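The values are calculated or read from the model by the stated rules, or taken from the named source; none is laboratory data. A quick note: this is a predicted structure, and the numbers were derived from the prediction, not measured. Glycine gets a Cβ as well: all are built from the backbone with ideal geometry, and neighbour counts include every protein chain shown. When the accessible area is computed, the model is the full protein with side chains, heavy atoms only, and any ligands, DNA or RNA have been set aside. Shrake-Rupley method; radii C 1.70, N 1.55, O 1.52, S 1.80 Å.
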Amino acid sequence: MSIVTVQLGQCGNQIGFEVFDALFNDSHCPRGLCSKRENEAYQASCKERFFSEEENGVLVARAVLVDMEPKVINQTLSKAAHSGLWKYGQHSCFCQKQGSGNNWAYGYSVHGPRHEESIMNLIRKEVEKCDSLSGFFIIMSMAGGTGSGLGAFVTQNLQDQYSSALKMNQIIWPYGNGEVIVQNYNSILTLSHLYRSSDALLVHENDAVHKICAKLMNIKQISFCDINQVLAHQLGSVFQPTYSGEGSFHYRRNPLGDLMENLVPHPEFKMLGVRNIPQMSENSLAYSTFTWAGLLKHLRQMLISNAKMEEGIDWQVRPPLSGLPPLGNMSVNKETRFNTSIANLVILRGKDVHSADVGAFKDPALYTSWLEPVHAFSVWKTQRAFRKYEKSAALVSNSQSLVKPLDMIVGKAWNMFASRAYLHQYTKFGIEEEDFLDSFMLLEQVIASYCNL
């Protein structure tokens, strides 16, 4: 089954390019540590999901590119074409001459209705090229105007027009000290609208990815391209093919459906995060060896201590004892430090993958009391290595990890709203105070639900 990717705004288009480039390069990597036949099956599965093929054999990304300024889309098309390996479709782009000025209301209320028909027609044409549609993967940021405002509008339209197709939004959480003064307004409006129309929100925090670039990749002058390549690596490690079941050598057909089934058991809880291990520069990789036991021990501790990378993990954090009431300050400890999960999916790729023991992730203490580990935990595997990593693991988690950043964004937005700062920029495009209050109310409910796990 195929996934149609919708790239929105500057951020969405730049990340989208890196994602397709990573998917292509991985699937055509000659050193997959598996048989030729298995490698061909892996390639075919990746192609079916993310690419169509022209008669001359060139792969074309199953994507629609949308931005309100032409510069980034032109750069993205050019970079893909210059690779000579894959490209974007000739008629898969929509751009205009005037951006959204970092104003969510302008993207949502002006650009959205004005260009709705053109954008939805492009998406419809892309859908018609798929033999079978798994769903939509929508890449966007929350801080600006086009990705966030137009992104929310397009997602809503996809829900109206393709209600049975799954929609996953990959959203970029802005830097805590971002340059856009109204980024907290834009973020709460984006999140609250997506919570109503999307099936899952896959969140990447810019601050966390920046640290990965600095500490694990040893990059001195970090650019957006570096950050986007780390994001693309993480997304590729989730979406590339895996076996459909233990002992099976057939690749799963419906990646989005399987992700949702495993990770979103209730519509109140749809915020997902990704962690990867190992993650390092290619130079370091040549001198490193890993065991499954070591990788999984670190990955589990990253989960329960809410660490985004393997460096600087807090090894003091422990799950509360299963089935026993908390003692002393354990209740405080659980609230402030232990990261309770609703559902976790571990994806293992590489050598001796069938010998990896994931039993430690089945501990009931890791999960909310209303879901048994047998329903809350899943593992996907393939012997086929990812990129140049002999062994690698990804963890997609629906947990409390985003409560703190969400609470901070809501708090900052509320402080501005209480003093009525910059509200006129939104009300002049039809976003009223009631809309803000609705957003605050919905997100406060989301925070409360995650806190009560």
Whole-angstrom Cα spans of the chain along principal axes, big to small: 66, 59, 45
How many percent of the accessible area of the range 203-298 is carbon or sulfur, using a 1.4 Å probe? 53 percent
In percent, how large is the relative contact order of the chain, given Cα pairs closer than 8 Å and 6 or more residues apart? 17 percent
Express in whole angstrom the spacing between the alpha-carbon centres of the range 247-315 and the range 188-230. 16 Å
Calculate how large, on average over all directions, the projected area of the Cα convex hull of the range 62-202 is; give the answer in nm² to one decimal. 8.8 nm²
Roughly how many debye, to the nearest 20, is the charge dipole of the range 362-451 about its Cα centre, given +1 on each Lys and Arg Cβ, -1 on each Asp and Glu Cβ, and no other charges? 820 debye
Averaged per residue, what accessible area in Å² does the chain show with a 1.4 Å probe, protein chains only? 43 Å²
If you take every DSSP beta bridge whose two residues both sit in the chain, what share of them, in percent to the nearest 5, is antiparallel? 35 percent
Heavy-atom accessible surface of the range 21-73: percent carbon and sulfur, 1.4 Å: 47 percent
Kirkwood hydrodynamic radius over Cα pairs of the range 333-453, then Stokes diffusion coefficient at 4 °C and 1.567 mPa s, in µm²/s: 74 µm²/s
Any idea what the dipole of the chain comes to, in debye rounded to 20, about its Cα centre with Lys/Arg Cβ at +1 and Asp/Glu Cβ at -1? 980 debye
As straight-line cross-link partners of Lys412, the qualifying aspartates and glutamates (C-alpha separation under 20 Å, not fewer than 8 residues apart within one chain) are Glu179, Glu205, Asp207, Glu432, Glu433, Glu434, Asp435, Asp438, Glu444
Candidates per GluC sites (Glu not before Pro) in the range 31-64, loop by DSSP, up to 15 other Cβ within 10 Å: Glu54, Glu55
Under 20 Å between alpha carbons, and skipping anything fewer than 8 positions from Lys388 in its own chain: which lysines qualify? Lys36, Lys47, Lys215, Lys351
Rank these by accessible area, largest first, 1.4 Å probe: His115, His210, His375. His375, His210, His115
With only Lys, Arg, Asp and Glu charged, each at its Cβ (+1 for the first two, -1 for the last two), find how big the charge dipole of the range 165-233 is about the Cα centre; round to the nearest 20 debye. 80 debye
Between the range 400-428 and the range 1-77, what is the separation of their alpha carbon centroids in Å? 36 Å
I'd like to know which of Trp86, Tyr367, Gly176 lies farthest towards the positive end of the charge dipole of the chain, counting +1 on Cβ of Lys and Arg and -1 on Cβ of Asp and Glu. Trp86
Amide H proximity to Asn306 below 5 Å, modelled H, separation 5+ or other chain, gives Asn339
Taking all protein chains in place and a 1.4 Å probe, what share, in percent, of the accessible surface of the range 351-453 do carbon and sulfur account for? 52 percent
Are there any trypsin sites (Lys or Arg not before Pro) in the range 33-126 that are in a DSSP loop and have at most 10 other Cβ atoms within 10 Å? List them by number. Lys97
Total formal charge among the other residues, if their Cβ is under 10 angstrom from that of Met260, Lys/Arg +1 and Asp/Glu -1: -1
Can you give the translational diffusion coefficient of the range 1-139 in µm²/s, computed by Stokes-Einstein from the Kirkwood radius over Cα pairs at 37 °C and 0.692 mPa s? 207 µm²/s
So, in nm, how far is label Glu116 from label Asp131 when the simple model puts each one 7 Å beyond its Cα toward the Cβ? 3.5 nm
